[in-house]
Amino acid sequence: MPARRRLLQQLFGETLILSLLGCAAGLGLANVGVRLLLAYEPGSIPRTDGVNLNVSVLLATLAVSVATGVLVAIPAAAKALSTDIAATLNSGGNPGAPSGGERPLARALRRIGLPVAINVGPNGLLVVAEIALAMVLLVGAGLLLNSFLRLAWLDPGYDASRVVAITLRADPDAAQPLHEAALD
């Protein structure tokens, strides 16, 4: 039992360290982003004096990071507890490989008449789903970038080289007599 305890400690320790490193990297990028925003703000963004990373956001980010690390470690820990470690190490085999040859999903697909090209288990299906989602995100990002570039080079339909923009602020007290005169 001490070997399993050490294995679980190492597993949870690794996932927590990785999640905290990700948290630190994200907070570092957020800090750089806030500093860049404040350094290059055009002046048209209101209330930039209150933009900062406050303690409640930092604590919430830390809590989400720790919770993510624990939630990621739980399935791996369950698999580690259900596997006979000594037998796996002695055989030199893959603990995820089925001993009966064909996986249950492949058997079920063959039973209903669907061809099965490869013998993929639940972990393989997860990898396929992750790759599919990554491809969808990559294609979406490419399309968004293409649309943005086409929009940036779009002719607005007017010559903006000699256009002047001004901002007028009307005094509400000065506009009141004009409003009353228009109603009379």
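Given a Förster distance of 30 angstrom, what is the FRET efficiency for residue 31 paired with residue 160, based on the Cβ-Cβ distance and rounded to 0.05? It comes to 0.25. Computing FRET efficiency as 1/(1 + (r/R0)^6) for residue 62 and residue 125, where r is the C-beta to C-beta distance and R0 is 41 Å, gives about 0.80. A simple spin-label model places pseudo-atoms 7 Å from Cα toward Cβ; at residue 81 and residue 114 they are separated by 3.2 nm. Converting phi to 3J(HN,Hα) with the Karplus coefficients 6.51, -1.76 and 1.60 and the offset θ = phi - 60°, region 153-159 yields 9, 6, 6, x, x, 8, 8 Hz in sequence order, with x at every glycine or proline. Residue order for 64, 72, 55, 32, fewest other beta carbons within 10 angstrom first, comes to 55, 32, 64, 72.
So between residue 53 and residue 38, what do we pick up on full extension, going 0.36 nm a residue minus the alpha carbon distance?
Contour length minus the Cα-Cα distance gives 4.1 nm.
Only the coordinates and a few stated rules stand behind these numbers; no lab work does. Only a predicted model underlies this, so the values are computations on that prediction, with no experimental measurement involved. So basically every Cβ, Gly included, is an ideal-geometry build from the backbone, and we count neighbours across all protein chains shown.
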